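Reviewing the structure listed below.
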Amino acid sequence: MSLVTTPSQYRAASNGLLVSEQVLADSRKSYHWKHRYAIAPYLVAISVTNYSVYTNDVLLSDGTNMPMLNYVYPESESNAKIGTAANVRVLQYFDSLFVAYPFKKEKYGHAQFGWGGGMEHQTMSFVVDYSWGLLAHELAHQWFGDMVTCGSWEDIWLNEGFATYLEGLSRERFPQSNGDWTIWKTSKINSVTSGASGSVKVDNPNSVNRIFNGRLTYNKGGMVVHMLRRKLGDVAFFNGVRNYLNARAFNYATTSQLQQHLEAVSGQNLTEFLADWYEGQGFPTYDVRWDQKDSAVKFKIFQTTSHASVDFFEMPVDIKLWRRKEVILSFDHVVSGQTFEQLVDFKVESVRFDPNLWLAAKNEVTRENLFPTGSVDLDATSVTLFPNPAANAITIVKDNALPAHYDIKDVNGKIVKSGILNDFTNSLDIVDLPVGTYIFALQDDNKISISKFIKAQ
């Protein structure tokens, strides 16, 4: 509860609902604000000046019509109205994307103040101006920082990393200019990779500058959230985050608790990921080498790290191939120097690493001879597969020398089955293979035949 008495020309803004505004006999005014939700002490705030006040209506996903109450400097009112009207859409987006806006029985609002940036005071963010990025960032804190508050300064990325990333998501959903989302991701990657060291986990919680380091806590923290989304996939990522918010609502949280919820939904173990990206320092640099022979494209991917605390960053990597058409391949990169191979039906003219900017990394792409003279030749006519698609078994008819070695690879180039063919007609059991597309590579003497088949249900 906040009780504020002020000269009558001023207005007082604070958390919660304005219960009363009274004119007193001595030409002063009394303001009574009341907040009924649990609140961390540092989120309590009061601001008093000659504010202009206006309201935006916000229709939430459950049908609640909630006020966005704005206390602005009179000289800023026209720009503020543009900014807060846009922020209504962002609030509706976050409300539907995660869990319901946590303070919907009261309000959301803004109070303008006079020094840089903003502060996510619960239900009433304090902001220096009404720019898109600032409003989206402080709004995101109502979920990440206010509804759930980091349990220690070491875990401040749970507040600032998520708020930074949600600002990015607002640009993905509502681009403010051509390429806005791409520009945002590029700026964060450039920031992270501008220094060779530094962890997201705060290693000196006694230093305010270290706690609120822009490159590490905000930008690298935001990119760690982005990479978790890539690693887990949208369904598991967003469901896991929703479960985390619901489980820790109006309470404190640690990184390990977020990890538990993401692992429970995705079935993935995130211990190594967090050891590398949260506790470890620096970033990876990828050296991608590629070549094409006939329809086979081969890649060799090396990785170096900028800091000795991490020997290797394990992450899925995407590579875009194009000429008149394009394709994006995804590989599970687990060791430096790993080789992948893929069939394509066009001559590749250009290769781009991480085209959708999922990784906080640097990279270099070069073409070199990965099919040296004297290696096996590609001969796609020497083997026939049927039926295709196949559910239980696939028959291989071979028309040349025996014996021959075969590999069955998934779309990421991982060998899932291999062996030797000793007959011209062979039947291979594929019952245990997951449904999907596979590459069948058969080698004898100096030839390789490569074919595709589909494993059906």
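The values are calculated or read from the model by the stated rules, or taken from the named source; none is laboratory data. Here the structure is a predicted model, which is why all the values come from computation and not from measurement. As a convention, Cβ positions derive from the backbone with ideal geometry for all residues, glycine included, and neighbour counts pool all protein chains shown.
Find the residue count for region 374-405, including only residues that are modelled with pLDDT under 85, of a type in the set (S, T, Y) and under 43 Å from the mean Cα position of the chain (by Cα).
Result for region 374-405: 2.
Per-residue answers, yes or no, for (1) closer than 15 Å to W153 by Cα; (2) of a type in the set (D, E); (3) in contact with a Lys or Arg (Cβ under 9 Å, 6 or more places away or on another chain); (4) buried (at least 20 other Cβ atoms within 10 Å of the Cβ):
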{"site": "S191", "(1), (2), (3), (4)": "no, no, yes, no"}
{"site": "G195", "(1), (2), (3), (4)": "no, no, yes, no"}
{"site": "N204", "(1), (2), (3), (4)": "yes, no, yes, no"}
{"site": "F212", "(1), (2), (3), (4)": "yes, no, no, no"}
{"site": "K220", "(1), (2), (3), (4)": "no, no, yes, yes"}
{"site": "K231", "(1), (2), (3), (4)": "no, no, no, no"}
{"site": "F238", "(1), (2), (3), (4)": "no, no, yes, no"}
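Do we have any residue at all in region 155-163 that's among the aromatic types (F, W, Y), farther than 16 Å from L69 by Cα and not in a strand (DSSP E or B)?
Within region 155-163, the first condition is being among the aromatic types (F, W, Y), and the residues that meet it are 157, 162.
Filter once more, so that each one left must be farther than 16 Å from L69 by Cα: 157, 162.
Pick out the ones that are also not in a strand (DSSP E or B) and you get 157, 162.
Checked against the condition, which is being among the aromatic types (F, W, Y), farther than 16 Å from L69 by Cα and not in a strand (DSSP E or B), region 155-163 yields at least one hit.
Mind listing whichever residues of region 317-329 are modelled with pLDDT of 95 or more and of a type outside the set (A, V, I, L, M, F, W, C)?
D318, K320 - these are the residues of region 317-329 that are modelled with pLDDT of 95 or more and of a type outside the set (A, V, I, L, M, F, W, C).
Out of region 114-145, which residues are outside any loop (DSSP other than H, G, I, E, B) and either over 23 Å from V225 (Cβ atoms) or in contact with a strand residue (DSSP E or B) (Cβ under 8 Å, 6 or more places away or on another chain) (or both)? Working first, answer last.
Taking region 114-145 and keeping what is outside any loop (DSSP other than H, G, I, E, B), we get 118-119, 125-127, 132-140, 144.
Hits for region 114-145 are G118, M119, S125, F126, V127, L134, L135, H137, E138, L139.
Inside region 182-235, can you point out the residues that are part of a loop (DSSP other than H, G, I, E, B) and β-branched (V, I, T)? Can you show your working first?
Of the residues in region 182-235, the ones part of a loop (DSSP other than H, G, I, E, B) are 193-207, 212-213, 233.
The answer is T193, V200, V202.
Please verify whether A264 is touching a helix residue (DSSP H, G or I) at 6+ places or on another chain (Cβ under 6 Å), in a helix (DSSP H, G or I) and either surrounded by fewer than 19 Cβ atoms within 10 Å (Cβ to Cβ) or without any contact (Cβ under 8 Å) to a residue 40 or more places away in the chain (or both), treating the condition exactly as stated.
Numbers: touching a helix residue (DSSP H, G or I) at 6+ places or on another chain (Cβ under 6 Å): no; in a helix (DSSP H, G or I): yes; either surrounded by fewer than 19 Cβ atoms within 10 Å (Cβ to Cβ) or without any contact (Cβ under 8 Å) to a residue 40 or more places away in the chain (or both): yes.
No; evaluated as a whole, the condition is false for this residue.
For a quick check of your reading of the model, give me the residue pairs whose first member lies in region 226-250 and is farther than 27 Å from I189 by Cβ, whose second is among the polar types (S, T, N, Q), with beta-carbon atoms closer than 7 Å and at least 6 apart or on different chains.
Correct list of pairs: R248/Q257.
Among the residues of region 286-327, which ones are in a loop (DSSP other than H, G, I, E, B), in contact with a Leu (Cβ under 9 Å, 6 or more places away or on another chain) and farther than 27 Å from R229 by Cβ?
If the condition is that a residue be in a loop (DSSP other than H, G, I, E, B), in contact with a Leu (Cβ under 9 Å, 6 or more places away or on another chain) and farther than 27 Å from R229 by Cβ, then D294, S295 are the ones that fit.
So the check is Cβ under 7 Å with 6+ separation or different chains; which pairs have a first residue in region 161-175 that's modelled with pLDDT of 95 or more and a second one that's of a type in the set (D, E)?
Partner pairs satisfying both residue conditions: R171/D180.
Can you find, within region 3-50, the residue that is farthest from K107 (Cα to Cα) among those that are surrounded by fewer than 19 Cβ atoms within 10 Å (Cβ to Cβ) and among the aromatic types (F, W, Y)?
If we take residues in region 3-50 being surrounded by fewer than 19 Cβ atoms within 10 Å (Cβ to Cβ) and among the aromatic types (F, W, Y), then Y10 is farthest from K107 (Cα to Cα).
Specify which of the listed residues (Y54, Y93) is in a helix (DSSP H, G or I), surrounded by fewer than 21 Cβ atoms within 10 Å (Cβ to Cβ) and aromatic (F, W, Y).
Numbers: Y54 fails: in a helix (DSSP H, G or I).
Selected residue: Y93, the only one of Y54, Y93 that is in a helix (DSSP H, G or I), surrounded by fewer than 21 Cβ atoms within 10 Å (Cβ to Cβ) and aromatic (F, W, Y).
Of a type in the set (D, E), over 30 Å from E349 (Cβ atoms), out of contact with any Lys or Arg (no Cβ under 6 Å at 6 or more places or on another chain) and at pLDDT below 80: does that describe D410?
On the way: of a type in the set (D, E): yes; over 30 Å from E349 (Cβ atoms): no; out of contact with any Lys or Arg (no Cβ under 6 Å at 6 or more places or on another chain): yes; at pLDDT below 80: yes.
No; evaluated as a whole, the condition is false for this residue.
What pairs come out if I take residues in region 51-78 that are without any contact (Cβ under 8 Å) to a residue 40 or more places away in the chain and pair them with residues that are β-branched (V, I, T) and part of a strand (DSSP E or B) whose C-beta lies under 9 Å away, six or more apart or interchain?
The qualifying pairs are S52/V72; Y54/V72; N65/V58; Y73/T49.
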